[in-house]
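Inspection log for the structure reproduced underneath, given as structure tokens.
The values are calculated or read from the model by the stated rules, or taken from the named source; none is laboratory data. Only a predicted model underlies this, so the values are computations on that prediction, with no experimental measurement involved. Note that each Cβ is placed from the backbone with ideal geometry, even for glycine, and that neighbours are counted across all protein chains shown. Please note that ligands, DNA and RNA were not included when accessible areas were found on the heavy atoms of the full protein model with its side chains. Shrake-Rupley method; radii C 1.70, N 1.55, O 1.52, S 1.80 Å.
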Amino acid sequence: MGGVGVGVIVWLNGPFGGGKTQTAYALHRRVSGSVVCDPEHVGFGLHRMTPPALRGDFQDLPAWRQGVFEVLDLAAREHPGAVIVPMTLTDVGYFAETVGRLRERGHDVRHFALLAERATVLRRLRERGLGRGLKRESFAVARLDGCLEALRAPEFAEQVETDRIGVAEVAARVGACAGLYVAPDTDGALRGRVRRALVGVRHIRFD
């Protein structure tokens with residue numbers, strides 16, 4: 001077996017509803033010693049301390065970009081395993097301030113944009129809507145076309161097409177490309193569906 005990728009940051013980019021979080025936790029489960037560090041927690045923390053009328057896209061806050069950089073820098077230096085980061089990031093300047101700065105600091109950042117056709121992403125958004133269709137996914141739908149177009153640019157390589165493969169295979173491909181040892185997936189179809197449902201419920205956003 002290979003090592004667990006000490007010091008590697010695996011950044012999973014993609015449109016909202018593109019499978020980043022599901023892939024992150026599938027990879028975490030199968031890569032020994034890995035940890036998931038979700039930059040959304042930094043953003044939602046900043047939202048909570050900001051008056052509602054002043055809240056916008058938290059990525060526009062310099063404090064978010066600086067905070068994400070500092071936390072991931074610390075995690076990659078001090079945590080002995082791979083650091084998995086599920087986060088949509090399509091602004092080239094913001095990408096440079098986070099991923100670019102981490103690479104300049106000497107970290108091995110493996111970036112993957114998980115892409116799919118528009119119809120596929122819309123179907124996934126409906127499935128995670130808990131019976132409410134796309135009503136609670138207006139932000140994701142409004143950004144979908146822009147995300148898909150931006151993330152096909154060379155700056156956001158490596159791109160992984162996910163239309164015809166499941167979460168387990170996406171995780172395996174990403175892990176292999178990142179140089180990680182990914183344990184075999186032992187879930188059956190039912191257990192896999194239950195596990196994905198639990199991940200989805202745990203990551204419902206109310207902010």
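Before moving on, here are some points about what is shown:
- Over the chain, relative contact order from alpha-carbon pairs under 8 Å, at least 6 apart, %: 34
- Calculated P(r) tail over 19 Å for segment 55-123, as whole % of Cα pairs: 40
- Exposed loop sites were defined as GluC sites (Glu not before Pro) in DSSP loop states (anything but H, G, I, E or B) carrying at most 15 other C-beta atoms within 10 Å; in the chain the longest segment without such a site runs 1-116.
- Computed helical MRE - 222 nm, the chain, DSSP H runs ≥ 4 contributing -39500 (n - 2.57), nearest 500: -13500 deg cm²/dmol
- Of the residues 43, 17, 148, the one whose Cα sits farthest toward the positive end of the charge dipole of the chain, with +1 on the Cβ of Lys and Arg and -1 on the Cβ of Asp and Glu, is 17.
- Charged side chains reduced to their Cβ positions (Lys and Arg at +1, Asp and Glu at -1) give segment 1-78 a dipole of some 220 debye around its Cα centre.
- Around the Cα centre of segment 76-165, unit charges on the Cβ atoms of Lys, Arg, Asp and Glu (plus for the first two, minus for the last two) sum to a dipole of about 480 debye.
- Averaged per residue, the chain has 51 square angstrom of accessible surface, using a 1.4 angstrom probe with ligands and nucleic acids left out.
- Fraction of C-alpha pairs exceeding 16 angstrom in segment 14-71: 55 percent, rounded to a whole number.
- This model, with +1 at the C-beta of Lys and Arg and -1 at the C-beta of Asp and Glu, gives segment 47-97 a dipole about its Cα centre of some 180 debye.
- Bins of 5 Å, starting at 0 and running to the largest distance - Cα pair percent for segment 1-118: 2, 11, 21, 23, 20, 13, 6, 2, 1, 0, 0
- Accessible surface of the chain, 1.4 Å probe: 56 percent of it comes from carbon and sulfur atoms.
- Equivalent ellipsoid, the chain (semi-axes from 5 times Cα gyration tensor eigenvalues, Å): 24, 23, 16
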